Amino acid sequence: MKTKWFFSALVILFCMGTAHAQFTLKPYIGLNSSTLTSNLQDEEFKSGIGYQFGVDLMIGRRLFLQPGLNYEFARVGVVSAQDIPDLKISRINLPVMVGVKLFKDHVDKYFDVRIFTGPSASFLANFDDGGGLGIGSSEIKNFNLAWNAGAGVDLFMFFVDIGYKWDVDDFFSKDQESSSNKTMFYANGGLRFTF
């Protein structure tokens, strides 16, 4: 019962905060560093460098809701006695962030600091292991849920976000004997168009 009242209060506060909503379109590009949390058979995984690009729509002023769409290309290195190429993973992500701006309205036109968190639905676009591990795309889950947490800085019409994202379910399908999850640090930079 207490939980129901708590979430109801959050929804009411959020609606009040976005009653005179401000909309900001935010296209961006960025870099990421990804790895898998558990080993697979005799191989270990290490971080690799990838990239992403996409667009977010920020709705609200001090409190905000931020749905988005992005394409993510990630590399995961394989540590092995043999020379095995990196895993290459491409995903289409649909994140939905909630957050708060730390400065008041008359300041945030020029400078602001934001903190945000939220879920992301991820759809596998492509998987390539280079033939090194013998894993096909059918052995990777086509759909994953992930959680994000991060912070950002706005400066005039530019912004920079840094964050951490981790899968909340297994990366591999049930065919593989591994409960590995994909984790990622990322940094994005882009432009803000407020209307």
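The values are calculated or read from the model by the stated rules, or taken from the named source; none is laboratory data. Model, not experiment: these values are computed from the prediction. Glycine gets a Cβ as well: all are built from the backbone with ideal geometry, and neighbour counts include every protein chain shown.
Residues that are in contact with a Phe, Trp or Tyr (Cβ under 6 Å, 6 or more places away or on another chain), under 27 Å from Thr194 (Cβ atoms) and among the small types (Gly, Ala, Ser) within segment 83-126 comprise just one, Gly99.
Looking at segment 162-195, which of the residues that are among the hydrophobic types (A, V, I, L, M, F, W, C) and not in a strand (DSSP E or B) is farthest from the chain's Cα centre (by Cα)? The selected residue is Phe195.
Of all residues in segment 1-48, count the ones that are at pLDDT 65 or above and either touching a Pro at 6+ places or on another chain (Cβ under 8 Å) or not in a loop (DSSP other than H, G, I, E, B) (or both). Summing the residues that are at pLDDT 65 or above and either touching a Pro at 6+ places or on another chain (Cβ under 8 Å) or not in a loop (DSSP other than H, G, I, E, B) (or both) in segment 1-48 gives 21. Restricted to segment 58-84, and to residues there that are assigned to a loop (DSSP other than H, G, I, E, B) and among the small types (Gly, Ala, Ser), the residue that is modelled with the highest pLDDT is Ser80. Taken together, the criteria exclude Phe159 from residues that are at pLDDT below 95, surrounded by 14 or more Cβ atoms within 10 Å (Cβ to Cβ), on the phi < 0 side of the Ramachandran plot and not in a loop (DSSP other than H, G, I, E, B).
Taking the stated definitions as given, is Ser137 crowded, with 18+ Cβ neighbours inside 10 Å, among the hydroxyl-bearing types (Ser, Thr, Tyr) and in contact with a strand residue (DSSP E or B) (Cβ under 6 Å, 6 or more places away or on another chain)? Taking the combined requirement at face value, the residue does not satisfy it. Residues of segment 93-114 include at least one that is assigned to a strand (DSSP E or B), touching a residue at least 12 places away in the same chain (Cβ under 8 Å) and among the acidic types (Asp, Glu).
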